Protein chains: 2
Amino acid sequence: MQATGPGDQARDIETDRAAVRAMLSPESIAIIGAGPDTNKLSGRPLHFLRRDGFAGRIYPVNPKYSDIAGVPCFPDIASLPEAPDMAIVAVGAARVGATVAALGQKGCKVAVIFSSGFGELGEAGKRMEADLLAIGRENNIRICGPNTLGLVNAFVRSTATFSQYADQPPVPGRIGFASQSGAFGTAIAALARVKGLGLGYFVSTGNTIDITPMECLAEIIEDERIQVAAGYVEGIADGDQLVRLAHRARELAKPLVITKVGRHAAGARAAQSHTGSLAGEDRVFDAVVRQAGAIRARNEEHMLDMVAALVANPVAQGRGLGIITQSGGAGVLMADRAEELGLEVPLLSVATRERLKAVLPEFGASGNPVDVTGQFLAEPRILSESVKIVLEDPAIDVCIIWLQLMHGYGKVLRDLFREIKRSVTKPFLVCWIEAPEDVRRDLVADDICIVSATERAVDAAEGMVRWGEITRRPPPLAETQSSRPASGEPTAETEVVASLEAAGLLEASGLTLVGTRLARDAAEAGRIAAELGFPVAVKIESVDIPHKTEAGGVVLGLASREAVEKAAADVLASAARHAPAARIAGVLVQRMSAPATEIVLGLRRDPVFGHVVMVGLGGIFVEVLKDVAFARAPISHDEALGLLDSLKGKPLLMGARGREPVDLEALARAITALSRLALAHPEIEELDLNPVFAGGDGTTAVDWLMLRRTSRA
Amino acid sequence: MQATGPGDQARDIETDRAAVRAMLSPESIAIIGAGPDTNKLSGRPLHFLRRDGFAGRIYPVNPKYSDIAGVPCFPDIASLPEAPDMAIVAVGAARVGATVAALGQKGCKVAVIFSSGFGELGEAGKRMEADLLAIGRENNIRICGPNTLGLVNAFVRSTATFSQYADQPPVPGRIGFASQSGAFGTAIAALARVKGLGLGYFVSTGNTIDITPMECLAEIIEDERIQVAAGYVEGIADGDQLVRLAHRARELAKPLVITKVGRHAAGARAAQSHTGSLAGEDRVFDAVVRQAGAIRARNEEHMLDMVAALVANPVAQGRGLGIITQSGGAGVLMADRAEELGLEVPLLSVATRERLKAVLPEFGASGNPVDVTGQFLAEPRILSESVKIVLEDPAIDVCIIWLQLMHGYGKVLRDLFREIKRSVTKPFLVCWIEAPEDVRRDLVADDICIVSATERAVDAAEGMVRWGEITRRPPPLAETQSSRPASGEPTAETEVVASLEAAGLLEASGLTLVGTRLARDAAEAGRIAAELGFPVAVKIESVDIPHKTEAGGVVLGLASREAVEKAAADVLASAARHAPAARIAGVLVQRMSAPATEIVLGLRRDPVFGHVVMVGLGGIFVEVLKDVAFARAPISHDEALGLLDSLKGKPLLMGARGREPVDLEALARAITALSRLALAHPEIEELDLNPVFAGGDGTTAVDWLMLRRTSRA
């Protein structure tokens, strides 16, 4: 995994980016270890570059040949006539380090290393990768790979790859695709081609020790020929790259679709053994992708269906789905799927239904789904008018038209869909089961999205709706320096922050805490309790006893001064028995809060994304159902409300089972306060507020535990 | 929807089945309203039957023609030379009734009615369907349709349809498919053809007023040429047909795969407006399908992927999935999906890993997923040996081999997979992204299942695993007369069963109830409480007050005789105020139970499946999370345990959060007791046990409400 982190201040960001740009749009390419056998990875790129008419300069390097297929071959890197923009390295693993050093010394900015035999071999290979990365740094040359199958810029025809994808000449298009995986990336790229989706760029970063898919996409989306960016990753080390990319993509109004595998323990285990990727926690990844404004795809089909829909359509302005079908059953299945995905299948307006009735056959259905029946084959106008009428309904934002086969009517339908495309301004897609292949190709070429399976069509529509919502959101909060650990930073040593000090930080950030004071002894505890008012709780206070209850250090519901004094004495004695070496500051005396809905709030420093806030309902929701939501700091108030909205236990916040409805605004303010706290105090490693009482009028934290990195870390 | 219910005792089951068999395997077919235009539905069947070489007798009937394309045409039904096995009816809706009557009088046993203009038109059409059904009954002729596109038996080449599916001659195969929908059914059948899956039968039942897809499949699975049955429905009226079919399919060791749309409210609404199907409650359908041993598929792709895997493979003997991949990323994605579906991706044994290391290249991975890398192209043995070695591991029950493209190696790979198929006895499937089409076809013809997308391959493997588990289950409990309401039965009127009478029925079935006695007045309540022992609860007892709490009719935790007397008097007074006309029997006095995990048990008579038992955890699990499980009576003890296992709140039953683990055996016995109660007392319409206290040593119902049909109903 790449290891560029915020710690590496010395590196020049613009130089780093320029190297990636040079790789993506080279004017000259050296191929170190080039050979004449076009069936070998050392021979394929030269063959492809010439076949596709790459207009730049190509420099094969191999002392064995004076030329390869007529292209002059150089004996070594030093004798190259210029520093190439990029170099393909196709030599044995043992020689890769020296080759990269020589390239750097020549002035080449980026090496694309085909060679395998590195991290995929285990620990020894990992050490080779670390050495290789160091060589690159020393010699000012960036590395794509090793174990990559290279990349294609179809616009400039730099087919700098040995991928099977290039067995056919790449066709340029408005999609940029970067993949960590070679084989899976090739599969996705090949599928895209079959679907008629042109890839302007296809990059694989292989073992990804330096250049990442996110860095490639960050350059690719700046290309005005690119409209949609797609990425496949197994794990990411630098979450900031993803967040910055997503923010920029949103700014450019270009959707970013990401697939990450390793969703579950079994997959994550497989991912780790495969690439050594520390997948991070998938739930955090998923949350950050949503928050940053990218769209996550489950798998290769989901990715390409969404990409196909996004590249061919204007932005959806809402979540109302119109379904126009020739099969009632398919309509039902799509309505089912829409409901699962949170899309609306609104009833059409009376006016729309009247207009539909005027065009539909007698046994058609003018609800939503609209059933045009097979009659539209006799009268194609039935279909085209229906689509237009439905899309004109103000409740409809995107439309799916479902049909099957119709091999005898391909031309009629092609003309029909072309006419629809010309006439409407809202997005639509065609779900066509077993479409005639020639018609399907023609329609895709005309920017009419065709999906080949019923539920997948709705999934693609949902991608359009999600993208529309991303575009309408307020811009993300200004990015700040991420608090993620720099790679190579030793695991932080932490210390418990004293409760009242922590309380001060929490209150300064805007959190409300239950009234809490420190008493050094039992008598003082009694006096404080009398001042606070009863009932109170008494809790042991020691930075060496983070888990107070287990130390017998908590007594709740004390109603008199005498009871408080006794409880304080008991708690102090119990703590002394439980942890004789602990530094005891005294006891905390806290006013008991009125019971309310129990919430758990947390903050931790994620290794990939820096500070992340967690929120969940207390009790079984957190412990049994794992019903928690995450967001990366900084978090806006709207984002905080969105987190609460995403909880399965949301009905409890809304007053289910006779509870008082929770003051969601106050709870959201508590979440944004934690986010501010994280930004102001990057040294906070972990913070648990448990429980937090969320009532009808405000949110009060009752217990908290804060850990910060010791100054040494 | 068909309306044959248990109430229609007069109908002869064997005659009904014989008619369906005649339709599925006819020796003579009349086509009423036949015409010469092969583009019209009235002309297509004759064309198809002759094109495909149907060996039976064909009788076009139309007074306008003396012959059609050389086949003698009859002026009317009466003049036919024999009673045809089946008749296609392709006349205007208004003439369908008279046509069916004439067919019945001629002795024809089944009419396949292409004509539309019935239920799909709304209420008037529904009345026409009721009339049509009555005509069929009177004239001893069964009806497929109306609004059906007919059926195909590819073995006898009876292409009795106007479906586009028949634009190409049907190819027979080991799959039988019946669909309620015509257009969606055609799409599925066409997809099956493209995938190389031969359909022995393809039936569509259209508006399904009489013959159902389940009835068709019940005959089709008896055909020894058929190995897998698949059904598509929008709703079913007679759940018994489904259950009987699933039980018989299991007995015959033939998987039954069912897709039903209308999973959610939006879909169910669409389904109802489409076919008028009352979809029933989808969760109940889903539960019964599982319990009966059928496999539910989400959509057309899921159905066909599972069918393709099942028809090509032996039975999986466990849930251990071996993954052999050429792409680490694809391996991770498959492991993810396996975890979501509850499959295991077991670590391979040390011996297996040693054997793998001997064949894998240095940078391959011998874990699970096994990564053979692209090196297998140079040495095909790497792949074939890996598959064999993995399948020989005792922890592995089914294997997926993932690859992509390889268009230059199609023949090598084809031979390799053929060799693997010959060598192994466990099931496997190939996930091949963008396989060369000729190789794909050859492999499918050789019974090697090919799936074209990564996650879908795992979904298909899961279907094999699920089927394996179905085959290993004990046989289902003997079927009894279903308690579902006969169609046409008026909505039942119900009455509350007095609490002690209900208690008697519950205890007789084996349920444990908290000690409960009836007191007629406050003084008697005090005496009874003293005998029962304190604390007790007092509850109003009246068949007119089903909801006691709302009537101020419940007081809990009474610790003394005086308190009981006062509470009883209060409760009686409150009930009299709340419901002055209620017949008050007195008050119930109940020993208070020790608190335990609260469970909700229920029983109700489902309109589709008869008596269904419901179980859930109390409180938020039922009310907020809708975390409940269903099963149809009769329910075995193992099935009851399976219900508990399926609850999201299961960890609470196992002792999460410091609770006492629940006695699951006792709780399962309570569920089977409810099932027995339902069978013994079909008059019970509804029963709620809420709460039931499930403790570490037994299960005790604390409150119950039983409704039964009044004798009049």
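The values are calculated or read from the model by the stated rules, or taken from the named source; none is laboratory data. Source: prediction; values computed, not measured. Positions of Cβ are backbone-derived with ideal geometry, glycine not excepted, and every protein chain shown enters the neighbour counts.
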Out of the residues in the stretch A:607-627 that are part of a strand (DSSP E or B) and within 20 Å of A:Ser483 (Cβ to Cβ), state the one that is farthest from the chain's Cα centre (by Cα).
A:Val615
If you scan the stretch B:313-328, which residues turn out to be in contact with a strand residue (DSSP E or B) (Cβ under 6 Å, 6 or more places away or on another chain), farther than 17 Å from B:Val451 by Cα and not hydrophobic (A, V, I, L, M, F, W, C)?
B:Arg319, B:Gly320, B:Gly328
Take B:Gly698 and tell me if it is within 14 Å of chain A (Cβ to nearest Cβ) and within 27 Å of A:Gly619 (Cα to Cα).
no
Residues satisfying the stated conditions in the stretch B:137-148, i.e. closer than 15 Å to B:Ala18 by Cβ and surrounded by fewer than 24 Cβ atoms within 10 Å (Cβ to Cβ):
B:Asn140
Within the stretch A:301-320, is even one residue surrounded by fewer than 24 Cβ atoms within 10 Å (Cβ to Cβ), facing another protein chain (nearest Cβ under 8 Å) and farther than 19 Å from B:Ile188 by Cβ?
no
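For the stretch A:265-274, state whether one or more residues are modelled with pLDDT under 95, of a type in the set (S, T, N, Q) and buried (at least 22 other Cβ atoms within 10 Å of the Cβ). Explain how you work it out, then say what you get.
Quick first cut of the stretch A:265-274, residues modelled with pLDDT under 95 only: A:265-274.
Restricting the remaining residues to those that are of a type in the set (S, T, N, Q) gives A:272-273.
So of that shortlist, the ones also buried (at least 22 other Cβ atoms within 10 Å of the Cβ) come out as none.
Scanning the stretch A:265-274 turns up no residue that is modelled with pLDDT under 95, of a type in the set (S, T, N, Q) and buried (at least 22 other Cβ atoms within 10 Å of the Cβ).
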Among the residues of the stretch B:147-177, count how many are part of a loop (DSSP other than H, G, I, E, B), within 16 Å of B:Ile88 (Cα to Cα) and of a type in the set (A, V, I, L, M, F, W, C).
2
Subset of the stretch A:358-384 [in contact with a helix residue (DSSP H, G or I) (Cβ under 9 Å, 6 or more places away or on another chain), part of a loop (DSSP other than H, G, I, E, B), within 21 Å of B:Gln164 (Cα to Cα) and within 12 Å of chain B (Cβ to nearest Cβ)]:
A:Pro361, A:Phe363, A:Gly364, A:Val372, A:Thr373
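Per-residue answers, yes or no, for (1) within 18 Å of A:His681 (Cβ to Cβ); (2) buried (at least 16 other Cβ atoms within 10 Å of the Cβ); (3) charged (D, E, K, R); (4) out of contact with any Leu (no Cβ under 6 Å at 6 or more places or on another chain):
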position: A:Pro476; (1), (2), (3), (4): no, yes, no, yes
position: A:Ala486; (1), (2), (3), (4): yes, no, no, yes
position: A:Gly510; (1), (2), (3), (4): yes, no, no, yes
position: A:Arg520; (1), (2), (3), (4): no, no, yes, yes
position: A:Gly526; (1), (2), (3), (4): no, yes, no, yes
position: A:Ala530; (1), (2), (3), (4): no, no, no, yes
position: A:Lys539; (1), (2), (3), (4): no, yes, yes, no
position: A:Ala551; (1), (2), (3), (4): no, yes, no, yes
Leading residue by the ranking (surrounded by the most Cβ atoms within 10 Å (Cβ to Cβ)) among those in the stretch B:24-66 that are among the aliphatic types (A, V, I, L, M) and in a helix (DSSP H, G or I):
B:Leu24
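Can we say A:Ala678 is part of a helix (DSSP H, G or I) and not polar (S, T, N, Q)? Break it down into steps so the answer makes sense when it comes.
Working: part of a helix (DSSP H, G or I): yes; not polar (S, T, N, Q): yes.
Spelling it out, A:Ala678 is indeed part of a helix (DSSP H, G or I) and not polar (S, T, N, Q).
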Might you let me know whether the stretch A:321-328 holds any residue that is in a helix (DSSP H, G or I), within 13 Å of chain B (Cβ to nearest Cβ) and surrounded by 21 or more Cβ atoms within 10 Å (Cβ to Cβ)?
yes
Could you grab me the full set of residues in the stretch B:156-177 that are within 14 Å of another protein chain (Cβ to nearest Cβ), of a type in the set (S, T, N, Q) and farther than 19 Å from B:Thr259 by Cβ?
B:Thr161, B:Gln164, B:Gln168
Of those in the stretch A:642-661 that are buried (at least 17 other Cβ atoms within 10 Å of the Cβ) and more than 14 Å from chain B (Cβ to nearest Cβ), the residue farthest from A:Leu477 (Cα to Cα) is A:Leu644
Quick check on A:Ile68: is it modelled with pLDDT of 95 or more and among the hydrophobic types (A, V, I, L, M, F, W, C)?
yes
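Closer than 25 Å to B:His47 by Cα and more than 14 Å from chain A (Cβ to nearest Cβ): is that true of B:Asn153 in this structure?
Values: closer than 25 Å to B:His47 by Cα: yes; more than 14 Å from chain A (Cβ to nearest Cβ): yes.
So B:Asn153 fits the description; yes.
Consider the stretch B:432-450. How many of its residues are at the interface with chain A (Cβ under 10 Å from one of its Cβ atoms) and of a type in the set (A, V, I, L, M, F, W, C)?
From the stretch B:432-450, those at the interface with chain A (Cβ under 10 Å from one of its Cβ atoms) are B:432-434; that's our starting set.
Among the residues that remain, those that are also of a type in the set (A, V, I, L, M, F, W, C) are: B:432-433.
Number satisfying all stated conditions: 2.
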Could we say that A:Val564 is β-branched (Val, Ile, Thr), modelled with pLDDT of 95 or more and closer than 30 Å to A:Glu660 by Cα here?
no
Looking at A:Arg441, A:Arg337, A:Arg355, which is the one that is in a helix (DSSP H, G or I), crowded, with 23+ Cβ neighbours inside 10 Å, of a type in the set (D, E, K, R) and touching a residue at least 24 places away in the same chain (Cβ under 8 Å)?
A:Arg337
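Go through the stretch A:575-593 residue by residue and tally those that are of a type in the set (Gly, Ala, Ser) and under 22 Å from A:Leu532 (Cβ atoms).
Initially, the stretch A:575-593 is screened for residues of a type in the set (Gly, Ala, Ser), giving A:575-576, A:579, A:581-582, A:585-586, A:593.
Now restrict to residues that are under 22 Å from A:Leu532 (Cβ atoms): A:575, A:585-586, A:593.
Count: 4.
Scan the stretch A:178-227 residue by residue and report those that are part of a helix (DSSP H, G or I), within 14 Å of chain B (Cβ to nearest Cβ) and within 14 Å of A:Cys144 (Cβ to Cβ).
As a first pass, look at the stretch A:178-227 and keep what is part of a helix (DSSP H, G or I): A:183-194, A:213-220.
Among the residues that remain, those that are also within 14 Å of chain B (Cβ to nearest Cβ) are: A:183-194, A:213.
Hits for the stretch A:178-227 are A:Gly185, A:Pro213.
From the set of residues in the stretch B:607-627 that are in contact with a Phe, Trp or Tyr (Cβ under 9 Å, 6 or more places away or on another chain) and over 18 Å from B:Ala673 (Cα atoms), which is nearest to the other protein chains (Cβ to nearest Cβ)?
First, the residues of the stretch B:607-627 that are in contact with a Phe, Trp or Tyr (Cβ under 9 Å, 6 or more places away or on another chain): B:608-609, B:612-615, B:620, B:627.
After this cut, where a residue has to be over 18 Å from B:Ala673 (Cα atoms) as well, the list is B:608-609, B:620, B:627.
Numbers: B:Val608: 17, B:Phe609: 20, B:Ile620: 7, B:Asp627: 9 Å.
Here the answer is B:Ile620.
On the basis of being touching a Phe, Trp or Tyr at 6+ places or on another chain (Cβ under 6 Å) and of a type in the set (Gly, Ala, Ser), does B:Gly649 make the cut? Show your work before the answer.
Working: touching a Phe, Trp or Tyr at 6+ places or on another chain (Cβ under 6 Å): yes; of a type in the set (Gly, Ala, Ser): yes.
Yes, satisfied.
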Among the residues that make up the stretch B:123-136, is at least one of them touching a Pro at 6+ places or on another chain (Cβ under 6 Å), surrounded by 15 or more Cβ atoms within 10 Å (Cβ to Cβ) and either on the phi < 0 side of the Ramachandran plot or away from chain A (no Cβ under 14 Å) (or both)?
no
What's the number of the only condition in (1) under 30 Å from B:Met306 (Cα atoms); (2) surrounded by fewer than 16 Cβ atoms within 10 Å (Cβ to Cβ) that B:Ala461 fails to meet?
(2)
Can you name the condition, by its number, that B:Asp210 falls short on among (1) of a type outside the set (Ser, Thr, Tyr); (2) touching a residue at least 24 places away in the same chain (Cβ under 8 Å); (3) closer than 18 Å to A:Ile433 by Cα?
(3)
A:Ala559 loosely packed, with under 14 Cβ neighbours inside 10 Å and either touching a Gly at 6+ places or on another chain (Cβ under 8 Å) or under 30 Å from A:Pro661 (Cα atoms) (or both)
yes
With the structure loaded, tell me whether A:Gly117 is in contact with an Asp or Glu (Cβ under 8 Å, 6 or more places away or on another chain), more than 30 Å from A:Leu443 (Cβ to Cβ) and within 11 Å of chain B (Cβ to nearest Cβ) or whether it fails that test.
yes
